[in-house]
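K.L.:
Okay, here's the structure, questions in a sec.
The values are calculated or read from the model by the stated rules, or taken from the named source; none is laboratory data. Here the structure is a predicted model, which is why all the values come from computation and not from measurement. Cβ coordinates were reconstructed from backbone atoms using ideal geometry, including for glycine residues, and neighbour counts include every protein chain displayed.
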Amino acid sequence: MADAVVVSGTVTSGDGPDMRLETGKMAGLASGSVVARMGDTQVLVAATGARHVREGIDFFPLTVDVEERSYAAGKIPGSFFRREGRSSDHATLTCRLIDRPLRPSFPDGFRNEVHVVVTVQSADQKNPYDVLAINAASAALMISDVPFDGPIGAVRLAYTTDGEWLPHPTYAEGDESSFEIVVAGRQLDNGDIAVMMVEAGGTATQWMNGENGAPKVDEAALAEALKESEQYIKEAIALQNRLVEAVGGRKPVMDFVAQVDYTDEQMAAVTELGEARMVEVMSMADKAERGAAEGALKTEVLETLLPRFADGNPIAEKQLKAAFRSLSKAVVRRRIVNDGARIDGRGPSELRPLSAEVGVLPRVHGSGLFQRGETQVLNVTTLGMGRMDQMIDGIDPLERKKYMHHYNFPPFSTGETGFMRGPKRREIGHGLLAERALVPVIPSQEDWPYTLRLVSDVLTSNGSTSMASVCGSSLSLMDAGVPIKAPVAGIAMGLVYAEGKYTTLTDILGAEDAFGDMDFKVAGTSEFVTALQLDTKIDGIPADVLADALNQAKEARLAILAVMNEAISAPRAEVTEYAPKIISFEIPIDKIGEVIGPKGKVINAIQAETGANISVDDDGMVGIVSIASPDKTIVDEAERQIKLILDPPTADVGQTYPGKVVNITKFGAFVNILPGRDGLLHISKIGGGKRINKVEDVLELGQSVDVVVEDIDPNGKVSLRMAGDAACEKVQERAERA
């Protein structure tokens, strides 16, 4: 086995663990492999590059896979085959988290397949692995022969209740904080850090921390976080450079042929023929009209130029199409930078027309329809009992989720055909972004005993459907009567960088997203930010430019919230008649057995009698009873019966009670006479003086009988006898027939 090369260094402030990078011991046939460790959390990252370009490929095929091994957390998978299955949502999100800062760092024209595989080998349930994996992936590429303009450094910061940004927080520190932000960037020649990627969101305690006096996470605090991240990104980059030096420097870059999408001559011909009309096309506000006009122009350009370039060139049509797309991009960008003119005629900070509506579906628990320009999203809220929460069979400490957000992007939303075979990574990522944006305002389990599932269905798409999902979610939650702490709105910002000038755009269209240099999504309430996501296609963006974009985004967010407020200004006072009515209350932990009964006898009987749905859980300290039914009177009756079990009424000696046989033994029958109170009707007390051989000969389960309390011993055990001569005679007749 080869000797390992190891470097380690401090990437945190205070007592946090060092980051350790090792190579040479594992996965030796990969182009580059690194084992990274913080605390007892360890990942293996292997990066490989294909030697040749796959025929016909016109994009850079980078694939990032994250393999969460159950053994890393000392677990056996809970699936039927006891083997890891599809990736968890967290693993999928981590794939995107790694991909986004790496992708812009490969050279233009490089089309060889690159595969980065992250295997989580050890998870200490204390230190998260995702940011560690970003740094390890960059390090693996740095020591490989894949052309990579790195390194990329990454850090997670948590905003503490003291208003400090804590680097590389543990899970517990993150949960206690108000906000977490992951920033990845590269170091420029002048030593500055250019931000490549941001992923951030508020925690479940963000609102409560603010009420307790903690500083709010506003635009100024986030600008401070971006500035604070720079020193830790530099430390991560320095550690990777030390690893490169320790292995003797970077390997010679693999031989590859840079793919040229089109020739200069082809580009010039397309520009000469189509530029003037392209300016007209890219001034059409309507997406469908613009698409049709652009398609017609492309057909005309191809028909005119193809005979000129097709001779001996089998890919001439493909090249001309690529040149035409470049012309579209150039026209859009030039008009924005030079003229301040956008495709639909808006100014840089202007929003598209907005509309918001609630109660659009008749039988659902809550619904909201939000539209911004040609982007339209329908969001539906469904309420369920606590036991309908999602169980997480993963390696992270999180085991259950009471709030889930699912995002669907059908092909018809863009006017196209396609296959619908389950959520893709993008849909999972957008759903989790919308979920993160709303987490800080979702009521706690103690305040709201429901499980929440939100579904965002994109109906039309022309830019920023994820942020429209956030707006629609707030509407549907309030329509469902969920007592959210404040409505949340989201907006997508764009940026075009040309000729040394940054132009920031509010509420970007799909084409502006495709042709621009940045997609910057910001969600929040009127007072603070709840989620943030940044992707860039250029070599990073200065922190001060992002800070200005944050302030521009706030203006848009406030305008959107005003429109939403006109549709519904506060959560409805009650849930809809079609939603379950749920109450939850605590019981002493030693009373759980009495409420459930042997083999669930008691709780099943209450459910059968009332029709309510009842669950009993415990948190180690107290029991928690949840009762649900569409009918509030049923909930109240089930609650009454359970509370009678907890504090049962006292039976009186000599008193006659109507009872029900609940258990039969050899020596008699147990009869329930009051909620939570059973008594023993001994076999000798059944026959009215006559001998009974078997209790079953005269009594059966569920039979109603009148009994008299004969005695109550010091331990509270109740002895019964049959009530009245008539009752005894009926029993005797049955015994004789038996």
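K.L.:
Which members of region 140-169 meet the condition of being of a type in the set (Val, Ile, Thr) and in contact with an Asp or Glu (Cβ under 9 Å, 6 or more places away or on another chain)?
P.N.:
From region 140-169, those of a type in the set (Val, Ile, Thr) are 143, 146, 152, 155, 160-161; that's our starting set.
Once the filter is applied, which keeps residues that are of a type in the set (Val, Ile, Thr) and in contact with an Asp or Glu (Cβ under 9 Å, 6 or more places away or on another chain), region 140-169 yields 155, 160, 161.
K.L.:
Same structure, new question: Might you check whether a residue that is of a type in the set (A, V, I, L, M, F, W, C), touching a strand residue (DSSP E or B) at 6+ places or on another chain (Cβ under 8 Å), in a helix (DSSP H, G or I) and in contact (Cβ under 8 Å) with a residue 24 or more places away in the chain occurs anywhere in region 313-323?
P.N.:
No: zero hits.
K.L.:
Right, here's the next one. Using the structure shown, decide if residue 454 is touching a Ser or Thr at 6+ places or on another chain (Cβ under 7 Å), surrounded by fewer than 23 Cβ atoms within 10 Å (Cβ to Cβ) and at pLDDT 95 or above.
P.N.:
The answer is no for residue 454.
K.L.:
So which residues in region 426-475 are out of contact with any helix residue (DSSP H, G or I) (no Cβ under 7 Å at 6 or more places or on another chain), part of a helix (DSSP H, G or I) and of a type in the set (Gly, Ala, Ser)?
P.N.:
Selection gives 431, 468, 472.
K.L.:
Taking the stated definitions as given, is residue 273 crowded, with 16+ Cβ neighbours inside 10 Å, within 17 Å of residue 322 (Cα to Cα) and touching a Gly at 6+ places or on another chain (Cβ under 8 Å)? It would help to see each step written out before you state the result.
P.N.:
Working: crowded, with 16+ Cβ neighbours inside 10 Å: yes; within 17 Å of residue 322 (Cα to Cα): yes; touching a Gly at 6+ places or on another chain (Cβ under 8 Å): no.
The answer is no for residue 273.
K.L.:
Any idea which of (1) out of contact with any Gly (no Cβ under 8 Å at 6 or more places or on another chain); (2) surrounded by fewer than 20 Cβ atoms within 10 Å (Cβ to Cβ); (3) of a type in the set (Gly, Ala, Ser) is the one residue 88 doesn't satisfy?
P.N.:
Every listed condition holds for residue 88 apart from (1).
K.L.:
So, in region 635-665, how many residues would count as being within 38 Å of the chain's Cα centre (by Cα) and surrounded by 19 or more Cβ atoms within 10 Å (Cβ to Cβ)?
P.N.:
3
K.L.:
Quick check on residue 129: is it crowded, with 20+ Cβ neighbours inside 10 Å, under 24 Å from the mean Cα position of the chain (by Cα) and of a type outside the set (Asp, Glu)? Steps first, please.
P.N.:
Numbers: crowded, with 20+ Cβ neighbours inside 10 Å: yes; under 24 Å from the mean Cα position of the chain (by Cα): yes; of a type outside the set (Asp, Glu): yes.
Judged against the criteria, residue 129 is a match.
K.L.:
Among 513, 507, 519, which is the only one that is within 29 Å of residue 368 (Cβ to Cβ) and out of contact with any helix residue (DSSP H, G or I) (no Cβ under 9 Å at 6 or more places or on another chain)? Break it down into steps so the answer makes sense when it comes.
P.N.:
On the way: 507 fails: out of contact with any helix residue (DSSP H, G or I) (no Cβ under 9 Å at 6 or more places or on another chain); 519 fails: out of contact with any helix residue (DSSP H, G or I) (no Cβ under 9 Å at 6 or more places or on another chain).
Going through 513, 507, 519 in turn, the sole match is 513.
K.L.:
With the structure loaded, tell me whether residue 360 is in contact with a Gly (Cβ under 9 Å, 6 or more places away or on another chain), of a type in the set (A, V, I, L, M) and either surrounded by fewer than 19 Cβ atoms within 10 Å (Cβ to Cβ) or in the same structural domain as residue 431 (by TED's automatic domain parsing) (or both) or whether it fails that test. Give the steps one after another, and end with the answer.
P.N.:
On the way: in contact with a Gly (Cβ under 9 Å, 6 or more places away or on another chain): yes; of a type in the set (A, V, I, L, M): yes; either surrounded by fewer than 19 Cβ atoms within 10 Å (Cβ to Cβ) or in the same structural domain as residue 431 (by TED's automatic domain parsing) (or both): yes.
Criteria met by residue 360.
K.L.:
A further question follows. Pick from region 399-425 the residues that are touching a residue at least 60 places away in the same chain (Cβ under 8 Å) and either basic (Lys, Arg) or part of a loop (DSSP other than H, G, I, E, B) (or both): which of them is surrounded by the fewest Cβ atoms within 10 Å (Cβ to Cβ)?
P.N.:
Looking at residues that are touching a residue at least 60 places away in the same chain (Cβ under 8 Å) and either basic (Lys, Arg) or part of a loop (DSSP other than H, G, I, E, B) (or both), I get 415.
K.L.:
Here's a follow-up. Scan region 279-295 and give yes if some residue there is within 21 Å of residue 109 (Cα to Cα), without any contact (Cβ under 8 Å) to a residue 12 or more places away in the chain and surrounded by fewer than 19 Cβ atoms within 10 Å (Cβ to Cβ), otherwise no. Explain how you work it out, then say what you get.
P.N.:
So the first thing to find is which residues in region 279-295 are within 21 Å of residue 109 (Cα to Cα), and the list is none.
No: region 279-295 contains no residue that is within 21 Å of residue 109 (Cα to Cα), without any contact (Cβ under 8 Å) to a residue 12 or more places away in the chain and surrounded by fewer than 19 Cβ atoms within 10 Å (Cβ to Cβ).
K.L.:
Continuing with the same structure: Within region 60-67, is even one residue under 26 Å from residue 112 (Cα atoms), in the same structural domain as residue 240 (by TED's automatic domain parsing), touching a Lys or Arg at 6+ places or on another chain (Cβ under 8 Å) and not in a strand (DSSP E or B)?
P.N.:
Yes; the residues of region 60-67 include at least one that is under 26 Å from residue 112 (Cα atoms), in the same structural domain as residue 240 (by TED's automatic domain parsing), touching a Lys or Arg at 6+ places or on another chain (Cβ under 8 Å) and not in a strand (DSSP E or B).
K.L.:
Next question, about the same structure. Among the numbered criteria (1) under 17 Å from residue 655 (Cα atoms); (2) in contact (Cβ under 8 Å) with a residue 24 or more places away in the chain; (3) surrounded by fewer than 19 Cβ atoms within 10 Å (Cβ to Cβ); (4) not hydrophobic (A, V, I, L, M, F, W, C), which one does residue 713 miss?
P.N.:
Unmet for residue 713, out of (1) under 17 Å from residue 655 (Cα atoms); (2) in contact (Cβ under 8 Å) with a residue 24 or more places away in the chain; (3) surrounded by fewer than 19 Cβ atoms within 10 Å (Cβ to Cβ); (4) not hydrophobic (A, V, I, L, M, F, W, C): (2).
K.L.:
Tell me, yes or no, whether region 493-516 has at least one residue that is surrounded by fewer than 19 Cβ atoms within 10 Å (Cβ to Cβ) and either of a type in the set (Val, Ile, Thr) or under 20 Å from the mean Cα position of the chain (by Cα) (or both).
P.N.:
Yes: one or more hits.
K.L.:
Taking residue 291 as the residue in question, decide whether it is within 13 Å of residue 511 (Cβ to Cβ), within 34 Å of the chain's Cα centre (by Cα) and not assigned by TED's automatic domain parsing to the domain that holds residue 489.
P.N.:
Values: within 13 Å of residue 511 (Cβ to Cβ): yes; within 34 Å of the chain's Cα centre (by Cα): yes; not assigned by TED's automatic domain parsing to the domain that holds residue 489: yes.
In short, yes.
K.L.:
While we're looking at this one, here's another question. What number of residues in region 11-59 are touching a Phe, Trp or Tyr at 6+ places or on another chain (Cβ under 7 Å) and not in a strand (DSSP E or B)? I'd like the intermediate steps shown before the answer.
P.N.:
Step one: filter region 11-59 for residues touching a Phe, Trp or Tyr at 6+ places or on another chain (Cβ under 7 Å), giving 11, 41, 43.
With not in a strand (DSSP E or B) added as a condition, the list becomes 11.
Of the residues in that region, 1 qualify.
K.L.:
When region 52-63 is examined, which residues are found to be loosely packed, with under 11 Cβ neighbours inside 10 Å and more than 26 Å from residue 93 (Cβ to Cβ)?
P.N.:
Just the residues of region 52-63 that are loosely packed, with under 11 Cβ neighbours inside 10 Å, to begin with: 54-56, 59.
Passing the criteria: 54, 55, 56.
K.L.:
Return only the number of the condition from (1) part of a strand (DSSP E or B); (2) in the same structural domain as residue 213 (by TED's automatic domain parsing) that residue 132 does not satisfy.
P.N.:
Unmet for residue 132, out of (1) part of a strand (DSSP E or B); (2) in the same structural domain as residue 213 (by TED's automatic domain parsing): (1).
K.L.:
Same structure, new question: Considering every residue within region 535-543, establish whether at least one is buried (at least 22 other Cβ atoms within 10 Å of the Cβ), on the phi < 0 side of the Ramachandran plot, at pLDDT below 90 and within 25 Å of the chain's Cα centre (by Cα).
P.N.:
Within region 535-543, one or more residues are buried (at least 22 other Cβ atoms within 10 Å of the Cβ), on the phi < 0 side of the Ramachandran plot, at pLDDT below 90 and within 25 Å of the chain's Cα centre (by Cα).
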